[in-house]
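**Student:** Below is the structure I would like to discuss, written out as structure tokens.
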Amino acid sequence: MAESLLVVENVSKHFGGLLAIDSASFEIKTGAITALIGPNGAGKTTLFSIISGFLAADGGRVFYNGVEVSAESPHQRARRGIARTFQIAQPFAGLTVRENIAVGSHLWQRSRAAALKAADEVAVSAGLGAQLHAPAATLTVAGSKRLELARALAIAPRLLLLDEVLAGLNPSEIRDMVPVVRELTVRGMTILMTEHVMQAVTALAEHVLVLAHGKIIARGTAQQVAADPLVVEAYLGAGAAARIIGGSTHA
Amino acid sequence: MKPYWPIFVVVALLATVPFVTASNVILNFLITTLLIALAGQGWNLLGGYGGQYSFGHAAFFGTAAYTTAILQVQYGINAWLGLIAGIFAGALVGAVIGALCFRSGLRGSYFSLVTLAFAEVLRILSSVAPITGAGVGTLIKLDLRPEAFQFQSRVPFYWIALALVAVSLLIVRVAENSRFGAYLVAIRENEDAAGALGINTFAVKLVAITVSAAITAAAGCFYAQYFLFIDAAIAYGPWISIDALLAPIVGGAGTLFGSLLGAVVIKALGEATKLLTGDAPGLDLVIYGLVLIAVVGLAPRGVAGFIAALFQGRSVRVFDKPGHDHG
């Protein structure tokens, strides 16, 4: 097994004149939780879409488990073991929770009965056991986030890309969700997550990557990046770090 | 697992009709209803379950009708072999149109418009090509022998149409209970999410349009044998594309019996308005249109959805039509 499950090498992406991702390079260690943080519009979701195959990069390469997957479609990457959730939940709205998850289970289960049974187990582990037969359209925000996660887990991925699974949740819902995510690494999954909720990033991630204007500007532990002047400036504007250190911040 | 017994019950009940009545008017009405139900069931698999709204199922219907007619008239091939050849030809056209549309990533109304365009191109080509009889059409020689797929009485035709509908119902139920069906519905509900779960959406849609085309093609072959005459406007005309999508939508798109229910409703409605309006030309179509608007407006999930809602004691407006989230 490769030490780095995912390697992103000099990936760039333009949208017209906008350089969304500017030669981003990083590696994700097998079995760890890595957080990708950055201000709004930094390119986090774009980078996720490139890794999962929904967007083609203009340059650079993506390796998964030592194999280049840059040219593969989303479903081919999913079969290799890359699962993603969507920042804006994308449920199969007309189906029940159970049927939603079973679509994922079918990747490894041909028979309908086996897929539904597998879906029940995944639903329980994601805390959706009580809503198995509820239409996905009726779930709360927290419920939809859990469903996104459960559906991704149903394909039994090795690399899980979580795009803001905690966004829109209240503090108590976040407290409920954090152990669910941590439990996944215990089961052998490698996780790359984007997140705005720093409480969760600090609690979960061993490694943090900071993306700003499409560039990786810092990497390290949560404490290291929080103390990095470049990161502070990316969030608060040029000169902010110096003002904070100098104690001369203006209200 | 969804049960198979309702199919056997419904088909068995319908099979007894010729023992109850010998009226040619009623049998003719039922045969054309089954014909629409069959063509519509093809559409239902692709449109109702897969969310790919084809406006051009005439392409499959017409290709099959012409294939079986031309093979008999020009090459003297047996009509039953013509039926099989017609189904294959229709399926092939479905696979080609599907491959072109889905490979180019056409979704929603773009897919609808391109399928309509394919059917129209085929209609125009068949109205000028010598092999189809061009503007004159193709007349299948009268040969009232079962070996030639022609019968003295309408009763065997009725049973054959019913058998074809039964097979189409079984195909759809098998799909509903399979991984393929789950994938197809997932694509209807959210194609991107389906891809993220490892579904090869192109392959699933391609299989769906091919099987869908084969079912509608069977209706085309049956039409040719029953009426013994086709021309460009009948085979590839918009009427069949519209009936094939109207029946399942009125009956309940994405439900097993949706197409059959809808075919009964629209054919009964069509006959009733003709009786009511008598000689006033076009008035029946006005009433027909108004009633359809009312049906679709009041029961957006079709007759099947309306019945299900009654049983659940809910308003029929609780849920939108399947596939409502497509932009």
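**Student:** Of all residues in the range B:276-301, which are surrounded by fewer than 14 Cβ atoms within 10 Å (Cβ to Cβ) and closer than 25 Å to B:LEU38 by Cβ?
**Tutor:** Filtering the range B:276-301 down to residues surrounded by fewer than 14 Cβ atoms within 10 Å (Cβ to Cβ) leaves B:276, B:278-282, B:285-286, B:289-290, B:293-294, B:297-298.
Selection gives B:LEU285, B:GLY289.
**Student:** Still on this structure, please answer the following. Somewhere in the range A:184-202, is a residue in contact (Cβ under 8 Å) with a residue 40 or more places away in the chain, of a type in the set (Ser, Thr, Tyr) and either within 14 Å of chain B (Cβ to nearest Cβ) or part of a loop (DSSP other than H, G, I, E, B) (or both)?
**Tutor:** no
**Student:** I would also like to ask the following. Would you mind telling me which numbered condition in (1) in contact (Cβ under 8 Å) with a residue 40 or more places away in the chain; (2) of a type in the set (A, V, I, L, M); (3) part of a loop (DSSP other than H, G, I, E, B) A:ALA20 fails?
**Tutor:** Failing condition for A:ALA20: (3).
**Student:** Further, regarding this structure: Find the residue count for the range B:94-121, including only residues that are among the aromatic types (Phe, Trp, Tyr) and more than 20 Å from the chain's Cα centre (by Cα). First the steps, then the outcome.
**Tutor:** Here is the first cut: in the range B:94-121, the residues among the aromatic types (Phe, Trp, Tyr) are B:102, B:110-111, B:118.
Those left that are additionally more than 20 Å from the chain's Cα centre (by Cα): B:102, B:110.
Here the count works out to 2.
**Student:** Working carefully through the options A:LYS29, A:LYS13, find the one that is buried (at least 17 other Cβ atoms within 10 Å of the Cβ) and of a type in the set (D, E, K, R). Steps first, please.
**Tutor:** Values: A:LYS29 fails: buried (at least 17 other Cβ atoms within 10 Å of the Cβ).
Result: A:LYS13 is the single residue among A:LYS29, A:LYS13 that is buried (at least 17 other Cβ atoms within 10 Å of the Cβ) and of a type in the set (D, E, K, R).
**Student:** Additional query: Of the conditions (1) assigned to a loop (DSSP other than H, G, I, E, B); (2) within 14 Å of chain B (Cβ to nearest Cβ), A:ALA150 clears all except one; give me its number.
**Tutor:** (1)
**Student:** Quick check on the range A:137-147: of everything there that is among the small types (Gly, Ala, Ser) and within 13 Å of chain B (Cβ to nearest Cβ), which residue is farthest from A:VAL122 (Cα to Cα)?
**Tutor:** As a first pass, look at the range A:137-147 and keep what is among the small types (Gly, Ala, Ser): A:137, A:142-144.
Within this subset, residues satisfying the condition of being within 13 Å of chain B (Cβ to nearest Cβ) are A:137, A:144.
Values: A:ALA137: 19, A:SER144: 14 Å.
Among those residues, the one meeting the criterion is A:ALA137.
**Student:** So which of A:LYS117, A:LYS13 ends up being of a type in the set (D, E, K, R) and more than 14 Å from chain B (Cβ to nearest Cβ)? Walk me through how you get there before you give the answer.
**Tutor:** Details: A:LYS117 fails: more than 14 Å from chain B (Cβ to nearest Cβ).
Answer to the selection: A:LYS13.
**Student:** Quick one: in the range B:243-252, of everything that is touching a Phe, Trp or Tyr at 6+ places or on another chain (Cβ under 8 Å) and of a type in the set (A, V, I, L, M), which residue is surrounded by the fewest Cβ atoms within 10 Å (Cβ to Cβ)?
**Tutor:** B:LEU245
**Student:** List pairs: first in the range B:134-158 and under 10 Å from B:LEU228 (Cβ atoms), second in a strand (DSSP E or B), Cβ under 8 Å, 6+ apart or cross-chain?
**Tutor:** Matching pairs, first to second residue: B:THR138/B:PHE229; B:THR138/B:ILE230; B:LEU139/B:PHE229; B:ILE140/B:PHE229.
**Student:** Any idea which of (1) touching a Leu at 6+ places or on another chain (Cβ under 7 Å); (2) of a type in the set (D, E, K, R); (3) within 14 Å of chain A (Cβ to nearest Cβ) is the one B:ARG154 doesn't satisfy?
**Tutor:** That leaves (3) as the condition not met.
Let's see how each residue does on (1) touching a helix residue (DSSP H, G or I) at 6+ places or on another chain (Cβ under 7 Å); (2) surrounded by 22 or more Cβ atoms within 10 Å (Cβ to Cβ):
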residue: A:HIS106; (1), (2): yes, yes
residue: A:GLN109; (1), (2): yes, no
residue: A:ALA123; (1), (2): yes, yes
residue: A:ALA156; (1), (2): no, no
residue: A:HIS196; (1), (2): no, no
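**Student:** Now a separate question. Kindly provide the set of residues from the range B:305-317 that are modelled with pLDDT under 80 and not basic (Lys, Arg), ordered by number.
**Tutor:** Here is the first cut: in the range B:305-317, the ones modelled with pLDDT under 80 are B:312-317.
Correct list: B:GLN312, B:GLY313, B:SER315, B:VAL316.
**Student:** Also, I was wondering about something else. Somewhere in the range A:82-94, is a residue over 30 Å from A:ALA142 (Cβ atoms) and of a type in the set (Lys, Arg)?
**Tutor:** Taking the range A:82-94 as the starting set, the residues that turn out to be over 30 Å from A:ALA142 (Cβ atoms) are none.
So far as the range A:82-94 goes, no, none of its residues is over 30 Å from A:ALA142 (Cβ atoms) and of a type in the set (Lys, Arg).
**Student:** Continuing with this model, one more query. Give the residue, chosen from B:ALA217, B:ALA208, that is crowded, with 24+ Cβ neighbours inside 10 Å, under 16 Å from B:LEU106 (Cα atoms) and either facing chain A (nearest Cβ under 7 Å) or not charged (D, E, K, R) (or both).
**Tutor:** When all the criteria are applied, what remains is B:ALA208.
**Student:** Okay, moving on. Could you pull out the residue among A:ALA78, A:ALA102 that is crowded, with 24+ Cβ neighbours inside 10 Å and within 20 Å of the chain's Cα centre (by Cα)? Explain how you work it out, then say what you get.
**Tutor:** Details: A:ALA102 fails: within 20 Å of the chain's Cα centre (by Cα).
The match here is A:ALA78.
**Student:** Still on this model: If the requirement is being surrounded by 21 or more Cβ atoms within 10 Å (Cβ to Cβ), within 14 Å of chain A (Cβ to nearest Cβ) and not hydrophobic (A, V, I, L, M, F, W, C), which of these qualifies: B:TYR183, B:TYR236, B:TYR223?
**Tutor:** B:TYR183
**Student:** Still on this structure, I have one more. Looking at A:ALA20, A:ALA32, A:ALA24, which is the one that is at pLDDT below 95 and within 19 Å of A:ALA156 (Cα to Cα)?
**Tutor:** Values: A:ALA20 fails: within 19 Å of A:ALA156 (Cα to Cα); A:ALA24 fails: within 19 Å of A:ALA156 (Cα to Cα).
Testing whether each residue is at pLDDT below 95 and within 19 Å of A:ALA156 (Cα to Cα) leaves just A:ALA32.
**Student:** With the requirement that a residue be within 14 Å of B:VAL265 (Cα to Cα) and either among the basic types (Lys, Arg) or modelled with pLDDT of 80 or more (or both), what does the range B:291-304 give you?
**Tutor:** The first filter runs over the range B:291-304 and keeps only residues within 14 Å of B:VAL265 (Cα to Cα), leaving B:291-296, B:299, B:302-304.
B:ILE293, B:ALA294, B:ALA299, B:GLY302, B:VAL303, B:ALA304 - these are the residues of the range B:291-304 that are within 14 Å of B:VAL265 (Cα to Cα) and either among the basic types (Lys, Arg) or modelled with pLDDT of 80 or more (or both).
The values are calculated or read from the model by the stated rules, or taken from the named source; none is laboratory data. This one's a predicted model, so the numbers in the text were calculated from it and none came from an experiment. Counting neighbours? That spans all protein chains shown, and the Cβs are built from the backbone with ideal geometry, glycine included.
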